[in-house]
1. Output the number of residues of the stretch 80-91 satisfying the condition of being farther than 19 Å from L28 by Cβ and in contact with a helix residue (DSSP H, G or I) (Cβ under 9 Å, 6 or more places away or on another chain).
2. Tally up the residues in the stretch 7-62 that are without any contact (Cβ under 8 Å) to a residue 12 or more places away in the chain and of a type in the set (D, E), please.
3. Considering only residues of the stretch 92-106 that are loosely packed, with under 12 Cβ neighbours inside 10 Å and in contact with a helix residue (DSSP H, G or I) (Cβ under 8 Å, 6 or more places away or on another chain), which is modelled with the highest pLDDT?
4. Considering each of R120, R116 in turn, give the residue that is modelled with pLDDT under 85, surrounded by 12 or more Cβ atoms within 10 Å (Cβ to Cβ), touching a Leu at 6+ places or on another chain (Cβ under 9 Å) and not aromatic (F, W, Y).
5. Give me a count of the residues in the stretch 2-31 that are at pLDDT below 95 and within 13 Å of M70 (Cβ to Cβ).
Amino acid sequence: MTLSLSDDVELLALNRQYAGEDHATDVLSFPQAAPLLGDVIISVETARRQAEAAGHSLSAELVHLAVHGMVHLMGFDHASDAEERVMFGYEAKLRAAARATGAAARIQAPRPAATRRRPRRA
């Protein structure tokens, strides 16, 4: 997986080109062919605003968005309430494991509802 930190101008252009949406977004994920997982691109400007609004650090927001983008690349989505519960629950487990000290643990992924091969946005 590649991770790129960018700005609102680039995320707006990418969102227009690949998702047909005319607004900047916080994170986009672009799946790639195996063995690559894909690309995650985060707008640091949007991440900073979201971190301030949520009352946590920019680094915490960047981790949140990177995990979110990665989980999209794994085939998860949050288009329905049921999908959102599964996806966001798995993300929370991954972020908790990343914060933990000691030996790394493998986190078993739930099965995604469907695998789609288009850019994902939060």
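The values are calculated or read from the model by the stated rules, or taken from the named source; none is laboratory data. Computed from a predicted structure; not experimentally measured. Reconstructed Cβ throughout: ideal geometry from the backbone, glycine too, with neighbour counts over all protein chains shown.
1. Step one: list which residues in the stretch 80-91 are farther than 19 Å from L28 by Cβ, which gives 80-82, 85-86, 89-90.
Retained after the next criterion (residues that are in contact with a helix residue (DSSP H, G or I) (Cβ under 9 Å, 6 or more places away or on another chain)): 90.
Of the residues in that region, 1 qualify.
2. Taking the stretch 7-62 and keeping what is without any contact (Cβ under 8 Å) to a residue 12 or more places away in the chain, we get 13, 16-17, 20, 22-23, 32-35, 49, 51-57, 59-60.
Still in the list and also of a type in the set (D, E): 22, 52.
Residues flagged as without any contact (Cβ under 8 Å) to a residue 12 or more places away in the chain and of a type in the set (D, E) within the stretch 7-62 amount to 2.
3. Pass one, the stretch 92-106, residues loosely packed, with under 12 Cβ neighbours inside 10 Å: 96, 99-106.
When the remaining residues are screened for being in contact with a helix residue (DSSP H, G or I) (Cβ under 8 Å, 6 or more places away or on another chain), the result is 104-105.
Details: A104: 65, A105: 69.
Filtering the stretch 92-106 for residues that are loosely packed, with under 12 Cβ neighbours inside 10 Å and in contact with a helix residue (DSSP H, G or I) (Cβ under 8 Å, 6 or more places away or on another chain), the one modelled with the highest pLDDT comes out as A105.
4. Working: R116 fails: touching a Leu at 6+ places or on another chain (Cβ under 9 Å).
Criteria check complete, one pass: R120.
5. Number of matching residues: 0.
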